[in-house]
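A.B. asks: The structure is given below, and queries will be raised subsequently.
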Amino acid sequence: MLRWRLRAPLLSRAAPVGVPEPRAGIKRLVMPPDYSGIVIPEKPKLKFLEKAPAVPKVRREPRRLRDIRGPSQVATDFIQGEYGILALGGGYLHWGHLEMLRLTIGRAMDPKSMFAIWRLPAPFKPLTKKSLGHRMGGGKGPVDRYVTPVKSGRLLLELGGRCQFQEVEPFLLQAARKLPFPAVPISRAGLERMRREEEERKLQNQNPWTFERVVTANMLGMRRYLSPYDLRLHGRYWGKFFLKHRV
């Protein structure tokens, strides 16, 4: 009959209980960011914007879709800050939206180590509206409020200082979700990465039938149904909307 016996552990070879074994290795620590060149302005928070332009009389104008259509040509790059809110579509911002941005960011940011600046002008475009139950006709209605038109790809504001993107992203995202058009919080490095990925997606596209080629060849006579904006923007903008997945 075979008898199995367990061998006792070799206590003499094991390390004492509670004493960690020394291990040699190389520690790779991440260098902290350098904030030596950052200067906090005297008034770091967003300044108050007027509700209406300070002019005696404003000329009433039509609602032009071209004010919010297509890509933005201004305020597309950072100038002072490192983080901000990027518009991914067109729309109008009235004074309530601007005040919401000012209060939300002003309450969450640390004025001792952060600063914020506007990349938008105060509301200047008048919008008219007739009273409820008013008969049709009689000319254009009175000015109801003033708005700021925004195009896709424009930075609404910038935020910088001695801070990381993980610190400012939560309240920037909270403010971006309340806007009337799609917007995202973004950093300077994230904006460069987004543009680089867009160029790579355009170069690595394997589908030969792109919107530009189909329109240029006028297949099925489709130019009769397209506007000059579609021909110039290659179908990437539909009204105030930005079709980011279209190459």
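The values are calculated or read from the model by the stated rules, or taken from the named source; none is laboratory data. Remember, it's a predicted structure, so these values are computed and weren't measured experimentally. Counting neighbours? That spans all protein chains shown, and the Cβs are built from the backbone with ideal geometry, glycine included. Calculation scope for accessible area: heavy atoms of the full protein, side chains included, ligands and nucleic acids excluded. Shrake-Rupley method; radii C 1.70, N 1.55, O 1.52, S 1.80 Å.
Yes or no, residue by residue, for (1) β-branched (Val, Ile, Thr); (2) closer than 21 Å to Leu93 by Cβ; (3) touching a helix residue (DSSP H, G or I) at 6+ places or on another chain (Cβ under 6 Å):
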{"site": "Met114", "(1), (2), (3)": "no, no, no"}
{"site": "Lys125", "(1), (2), (3)": "no, yes, no"}
{"site": "Gly139", "(1), (2), (3)": "no, no, no"}
{"site": "Ser152", "(1), (2), (3)": "no, yes, no"}
{"site": "Leu159", "(1), (2), (3)": "no, yes, yes"}
{"site": "Arg162", "(1), (2), (3)": "no, no, no"}
{"site": "Phe165", "(1), (2), (3)": "no, no, no"}
{"site": "Pro180", "(1), (2), (3)": "no, yes, no"}
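A.B. asks: Quick one: which helices (runs of 4 or more DSSP H) lie wholly within the stretch 138-247 and hold at least 3 residues that are under 18 Å from Leu86 (Cβ atoms) and either modelled with pLDDT under 95 or open to solvent by less than 80 Å² (accessible area, probe 1.4 Å) (or both)? Quick ask: steps written out before the conclusion?
C.D. replies: Working: elements: 165-176, 188-203, 211-216, 228-233.
Of the helices (runs of 4 or more DSSP H) lying wholly inside the stretch 138-247, those with at least 3 residues that are under 18 Å from Leu86 (Cβ atoms) and either modelled with pLDDT under 95 or open to solvent by less than 80 Å² (accessible area, probe 1.4 Å) (or both) span 165-176, 188-203.
A.B. asks: Please determine, by comparing only the residues of the stretch 118-137 that are in contact with a Leu (Cβ under 9 Å, 6 or more places away or on another chain) and assigned to a loop (DSSP other than H, G, I, E, B), which one is surrounded by the most Cβ atoms within 10 Å (Cβ to Cβ). Even if it seems obvious, please write down each step before you answer.
C.D. replies: Applying the first criterion (in contact with a Leu (Cβ under 9 Å, 6 or more places away or on another chain)) to the stretch 118-137 yields 118-123.
Now narrow it down to the ones that are assigned to a loop (DSSP other than H, G, I, E, B): 119-123.
On the way: Arg119: 19, Leu120: 19, Pro121: 14, Ala122: 17, Pro123: 23.
The selected residue is Pro123.
A.B. asks: Out of Arg145, Arg188, Arg195, I need the residue that is more than 12 Å from the chain's Cα centre (by Cα), farther than 15 Å from Leu88 by Cβ and among the charged types (D, E, K, R). Which one?
C.D. replies: Details: Arg188 fails: more than 12 Å from the chain's Cα centre (by Cα); Arg195 fails: farther than 15 Å from Leu88 by Cβ.
Within the list Arg145, Arg188, Arg195, the selection yields Arg145.
A.B. asks: Which count do you get for residues in the stretch 70-97 that are in contact with a Gly (Cβ under 6 Å, 6 or more places away or on another chain) and among the charged types (D, E, K, R)?
C.D. replies: 1
A.B. asks: Out of Lys57, Lys45, report the one residue that is in a loop (DSSP other than H, G, I, E, B) and either over 25 Å from the mean Cα position of the chain (by Cα) or not charged (D, E, K, R) (or both).
C.D. replies: Numbers: Lys45 fails: either over 25 Å from the mean Cα position of the chain (by Cα) or not charged (D, E, K, R) (or both).
Of Lys57, Lys45, the one residue that is in a loop (DSSP other than H, G, I, E, B) and either over 25 Å from the mean Cα position of the chain (by Cα) or not charged (D, E, K, R) (or both) is Lys57.
A.B. asks: Determine if the stretch 42-57 includes at least one residue that is open to solvent by 30 Å² or more (accessible area, probe 1.4 Å), closer than 17 Å to Leu156 by Cβ and not charged (D, E, K, R).
C.D. replies: For the stretch 42-57, residues open to solvent by 30 Å² or more (accessible area, probe 1.4 Å), closer than 17 Å to Leu156 by Cβ and not charged (D, E, K, R): present.
A.B. asks: Since Tyr92 meets every condition but one in (1) in contact with a Leu (Cβ under 8 Å, 6 or more places away or on another chain); (2) modelled with pLDDT under 95; (3) open to solvent by 40 Å² or more (accessible area, probe 1.4 Å); (4) under 29 Å from Arg195 (Cβ atoms), which condition does it not meet?
C.D. replies: Only one criterion is unmet by Tyr92, namely (2).
A.B. asks: Could you please let me know if Arg63 is under 27 Å from Arg236 (Cα atoms), open to solvent by 100 Å² or more (accessible area, probe 1.4 Å), in contact (Cβ under 8 Å) with a residue 12 or more places away in the chain and in a loop (DSSP other than H, G, I, E, B)?
C.D. replies: Details: under 27 Å from Arg236 (Cα atoms): yes; open to solvent by 100 Å² or more (accessible area, probe 1.4 Å): yes; in contact (Cβ under 8 Å) with a residue 12 or more places away in the chain: yes; in a loop (DSSP other than H, G, I, E, B): yes.
The answer is yes for Arg63.
A.B. asks: Still on this model: Condition (residue is of a type in the set (Ser, Thr, Tyr), out of contact with any strand residue (DSSP E or B) (no Cβ under 6 Å at 6 or more places or on another chain), open to solvent by 40 Å² or more (accessible area, probe 1.4 Å) and assigned to a loop (DSSP other than H, G, I, E, B)) applied to the stretch 71-85: is it met by at least one residue?
C.D. replies: Kept after step one, since they are of a type in the set (Ser, Thr, Tyr), are these residues of the stretch 71-85: 72, 76, 83.
Imposing the further condition that a residue be out of contact with any strand residue (DSSP E or B) (no Cβ under 6 Å at 6 or more places or on another chain) reduces the set to 72, 76.
Pick out the ones that are also open to solvent by 40 Å² or more (accessible area, probe 1.4 Å) and you get none.
No, the conditions are met nowhere in the stretch 71-85.
A.B. asks: Going through the stretch 95-117 one residue at a time, which ones are more than 23 Å from Pro53 (Cβ to Cβ) and open to solvent by 30 Å² or more (accessible area, probe 1.4 Å)?
C.D. replies: Arg107, Ala108, Asp110, Pro111, Lys112
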